[in-house]
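Some notes on the structure that comes next.
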Amino acid sequence: MAAKTALRIIIVGAGPVGLALATGLAKDGHSVTVLERQSSLQVTGGPIYVQPPAIRVLESFGLGDAVQSIGVAGPSIIWSYKDTSEPLLVSPHRPNHTPLSTDRQTVQKVGYEGAVAAGATVLFGKTVTSLENETTPTVRTEDGGEYSADLIVGADGIKSKIRRLLFPDQNMDAIPTNEVIFHSDVALDELRADTRLTGMFEHPGSCHFTFGPGRVNVLLIEPVAEGKTAAYNVVSNYGAPPTDRNASWYNSAEPSELRELFNDFSARDRAYLEHVKSCNVWRIGTAPETPSWRSSNGRVLLIGDAAHAMVPHAAQGVSQGIESTGVLTHLLRLARPDHLDDVPALTEGFEKLRRPRVEKIANLSQNNLQVRVLPDGPAQEGRDAALRKMGQMPAIEWDKIEMDMSADSNSPQFTKWLTAYDIPLEVERFVKSDLVDIPSS
Ligand SMILES: Cc1cc2nc3c(=O)[nH]c(=O)nc-3n(C[C@H](O)[C@H](O)[C@H](O)COP(=O)(O)OP(=O)(O)OC[C@H]3O[C@@H](n4cnc5c(N)ncnc54)[C@H](O)[C@@H]3O)c2cc1C
């Protein structure tokens, strides 16, 4: 057991973040119960990248082999403008610091199997409806269940109930934006057989991003499910979001609407979209600004999208949540036997360490969208010229680059901070600093 004391921990939500956390904590010897409202492990969701620091966390939880078997590593990203046939930039990922291209269901399944194997209990059909936090943190479920713990972690996603229960006097609803993303599965053999798309397959494992005013076309050419790949079509200003807070943010849509919205894109992109037989449209949102990620007594904590849902334009939502599971697992190792009072100090430390990184990355995601959907004109031409120039730069000597979170977001220093961030090292430095009063023995 890596932890000094076995805490009783309840995790609300069996999404990719809740299940990764359950694996890490159960492996450390904590007694972990996950409460999930769905009746089984089922999710909506499409392809995702899992970023290198998150992959390392999953490896540290013993999920390395499972994770490597589920995705394609080494894709490059090919950036184009909507009606240019030549790419603006082919940007290869850095060797050994490459995201894994997979899908959300698969990450969730790996987490579920890991959590159960590590000894966590995952209970389905358990919708958490109330939280009591005066003395021992306790949640109640719709079916009359009552669960108490030393620590309750809300990993219940962007529309988090735990977040709303923690701050009942404030509006803690998720914030829908004007942006939507169409998500479609496409049969890979059909794409391969279409000679208009041959050029796309010259870079195996690549992801093709095409910019247009107010829109981005993201086309994958690698399998993300059996025999299928996927397209994401971003429309930055689709119209006002639904006012009903219970309205679904993921609904079926007509492929004809999607094709119409992208009918001024290149012949290649239009040819790809001809293969879309059905699609869904996803309203994009963010978490509200929370006064804190934790209760005032420090024994209820938010993690993942419940704490910091961000727009998906840095492909970092799951990864930031998984990074957080690594940090929390490390910090809880410091809780001393018979010292429940250590838990608040550790959750305070968790928030102090995590917030600056997550907020920086959420801003990056937002900025990426603004840059990608620029209207035609001087700013768009400047962006495209800058991308072309990047392709002519000499190869970066990564070993000589120092990571720097304050550097320009296009700089190698910032990229290194994104990809080479080392969680055990960061936690160790943080614990030694005087930023927070964390138990030392
Ligand atoms: C179009 C799109 C593309 C994306 N691409 C990427 C990408 O490339 N890389 C990346 O890292 N991220 C990406 N993301 C973000 C990513 O999908 C989310 O960040 C991630 O799913 C969050 O995981 P989570 O476990 O925190 O929450 P969720 O996946 O939302 O899971 C929450 C769980 O809690 C359960 N739950 C909710 N309420 C209750 C309750 N009251 N009681 C019990 N259980 C409850 C839910 O049923 C669910 O199972 C993308 C998102 C979108 C929309």
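The values are calculated or read from the model by the stated rules, or taken from the named source; none is laboratory data. Keep in mind that what you see is a predicted model, and the values were worked out from it rather than measured. Cβ atoms come from the backbone with ideal geometry, glycine included; neighbour counts cover every protein chain shown. The protein model used for the area step is the full one, side chains on, heavy atoms only, and it has no ligands, DNA or RNA in it. Shrake-Rupley method; radii C 1.70, N 1.55, O 1.52, S 1.80 Å.
Can you tell me what share of the DSSP beta bridges in the chain is antiparallel? A percent to the nearest 5 is fine. Let's see the in-between values first.
Values: 48 of 68 bridges.
Counting only bridges with both partners in the chain, antiparallel ones make up about 70 percent.
Give the accessible surface of the chain per residue, rounded to a whole number of Å², with probe radius 1.4 Å and ligands, DNA and RNA excluded. Present the calculation step by step, with values, prior to reporting the outcome.
Working: 19320 Å² over 441 residues.
Using a 1.4 Å probe on heavy atoms only, each residue of the chain averages 44 Å².
To the nearest 20 debye, what is the magnitude of the charge dipole of the chain about its Cα centre, counting +1 on the Cβ of each Lys and Arg and -1 on the Cβ of each Asp and Glu?
On the way: 42 positive and 54 negative charges, 34 e Å.
So the magnitude is around 160 debye.
Treating region 26-146 as a set of equal point scatterers at the Cα positions, no solvent, please give the Debye-formula log₁₀ I(q)/I(0) at q = 0.11, 0.18 Å⁻¹.
Results for region 26-146 at q = 0.11, 0.18 Å⁻¹ read -0.56, -1.03.
Tell me which residues come under 5 Å, amide H to amide H, from residue 48 once H is placed; ignore anything under 5 positions away on its chain.
Those lying under 5 Å, H to H, from residue 48 are 102, 103, 104.
What is the P(r) of region 337-385, as percent of Cα-Cα pairs per 5 Å bin from 0?
Histogramming region 337-385 at 5 Å steps yields 4, 16, 14, 11, 11, 9, 8, 7, 6, 5, 4, 3, 1 percent.
Counting only protein heavy atoms and a 1.4 Å probe, tell me what percentage of region 175-286's accessible area is made up of carbon and sulfur. Each step should come with its number before you reach the end.
Working: 2540 of 5010 Å².
Solvent-exposed carbon and sulfur of region 175-286 make up 51 percent of the total.
Using a 10 angstrom cutoff on alpha carbons, build the Gaussian network for the chain and name the most mobile of 346, 35, 165.
Comparing 346, 35, 165 in the GNM, the peak value goes to 165.
With the cut-off at 29 Å, tell me which of the pairs 82/400; 4/416; 27/161; 4/161 have Cα atoms farther apart than that. Before the final figure, lay out the partial values.
Working: 82/400 36 Å; 4/416 33 Å; 27/161 27 Å; 4/161 31 Å.
In this structure, 82/400; 4/416; 4/161 lie more than 29 Å apart at Cα.
Under the rule that an exposed site lies in a DSSP loop and has at most 11 other Cβ atoms within 10 Å, name the longest stretch of the chain with no GluC sites (Glu not before Pro) of that kind, not counting the sites themselves.
Details: sites that count: 134, 226, 289, 397, 402.
Longest gap between qualifying sites, sites excluded: 1-133.
Contact order normalised by length for the chain, with contacts defined as Cα pairs under 8 Å and 6 or more residues apart; what percent is it? Intermediate values should be presented prior to the final figure.
Details: 897 pairs, mean separation 85.0, N = 441.
So the answer I get is 19 percent.
Once amide H atoms are built 1.01 Å from N in the peptide plane, which residues 5 or more positions from residue 80, or in another chain, come under 5 Å H to H?
88, 209, 210, 211
Identify the chymotrypsin sites (Phe, Trp or Tyr not before Pro) of region 233-323 meeting these criteria: DSSP loop state and at most 14 other C-beta atoms within 10 Å of the C-beta. Provide the component values of the computation, followed by the final result.
Details: sites: 238, 249, 250, 262, 265, 272, 282, 293; in loops: 238, 249, 262, 265, 293.
Here no chymotrypsin sites (Phe, Trp or Tyr not before Pro) fit, given the DSSP loop and packing criteria.
Toward the positive end of the charge dipole of the chain, about the Cα centre and with charges on Cβ (Lys, Arg +1; Asp, Glu -1), which of 45, 155, 401 goes farthest?
401
If I model a spin label as a point 7 Å beyond the Cα along the Cα-Cβ vector, how far apart are those points for residue 2 and residue 367 in nm?
About 3.3 nm separates the two model spin labels.
Taking H placed 1.01 Å from N in the peptide plane, check which residues at least 5 places from residue 154 or on another chain put their amide H under 5 Å from its amide H.
Result for residue 154 returns 12, 301, 302, 303.
Please list log₁₀ I(q)/I(0) at q = 0.07, 0.08, 0.11 Å⁻¹ for the chain, using the Debye equation with identical point scatterers on the alpha-carbon positions.
-0.35, -0.46, -0.87
Per 0.36 nm of contour for each residue apart, how much would the distance between residue 359 and residue 432 grow if the chain were fully extended, relative to their Cα-Cα spacing? Before the final figure, lay out each step's value.
Details: separation 73, 0.36 × 73 = 26.28 nm, distance 2.30 nm.
Length difference between fully extended and current span is 24.0 nm.
Between residue 40 and residue 246, how high is the FRET efficiency from 1/(1 + (r/R0)^6) when r is the Cβ-Cβ distance and R₀ = 22 Å? Nearest 0.05. Write out the running numbers ahead of the final one.
Details: r = 22 Å, r/R0 = 1.01.
Efficiency, from the Cβ-Cβ distance: 0.50.
Which one, 415, 329, 84, has the greatest fluctuation when you compute a Gaussian network model over the chain with C-alpha springs under 10 angstrom?
84
With viscosity set to 1.306 mPa s at 10 °C, what whole-number translational diffusion coefficient in µm²/s follows for region 175-286 from Stokes-Einstein and a Kirkwood radius over Cα pairs? Walk me through the numbers before you get to the answer.
Working: Rh = 14.6 Å.
Here the translational diffusion coefficient equals 109 µm²/s.
Hey, what do the phi angles of region 155-162 turn into as Karplus ³J(HN,Hα) couplings, whole Hz, using 6.51/-1.76/1.60 and θ = phi - 60°, x for Gly and Pro?
Result, ordered by residue: 10, 9, x, 4, 9, 2, 6, 4 Hz.
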